[in-house]
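Read-outs: derived from the displayed coordinates by stated rules, not from any lab. Fair warning: this is a prediction, and the values are worked out from it, not measured in the lab. Positions of Cβ are generated from backbone atoms using ideal geometry, with glycine treated the same way; all protein chains shown enter the neighbour counts.
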Amino acid sequence: MTRETLPEAVYKKIVLLEEKFKASGQDLSSYLEGLLHADYMSYWDYINLDTLLSIQQPRTSFKDEKIFIVYHQITELYFNLILWEMEQISAETCSSGAFSAGKTAAHPSLL
């Protein structure tokens, strides 16, 4: 396949990708080579949907038990996400030295 045989829309997207990767200091050809070796993964496989749906297993005959399980699993996932976000903020704050002596900021209401 040559430049002349590529549809114009495809060529323009390749140019945009080259610019994007170059701006971030990455090599587009390395990325594309990786795609050649990667297995195709659907969205559903990526989020492990089958596994996720398989863990809602009511243990009684109460009709609302599945709702209870799903709601609480969602809550636990949100808690996990909050903890992950707090760890990211903490790591960034610690690495930037924001908690070094003399660099702590008071709450605006205390100023």
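Quick notes
- Checking (1) 17.5, 49; (2) 24.3, 67; (3) 20.0, 65 against the coordinates, the calculated Rg and Dmax of the Cα atoms in Å falls under label (2).
- Cross-link partners of residue 20 among aspartates and glutamates (Cα-Cα below 18 Å; sequence separation of 8 or more within a chain): 33
- Residues in the range 73-86 carry Karplus couplings, in order, of 5, 4, 4, 5, 4, 5, 4, 4, 5, 4, 4, 4, 4, 5 Hz; the curve used is 6.51 cos²θ - 1.76 cosθ + 1.60 with θ = phi - 60°, and Gly or Pro positions show x.
- Rounded to the nearest 20, the size of the Cβ-charge dipole of the chain about its Cα centre is 280 debye, with Lys and Arg at +1 and Asp and Glu at -1.
- Value at 222 nm in deg cm²/dmol, rounded to 500, when DSSP H runs of n ≥ 4 in the chain each add -39,500 (n - 2.57): -19500 deg cm²/dmol
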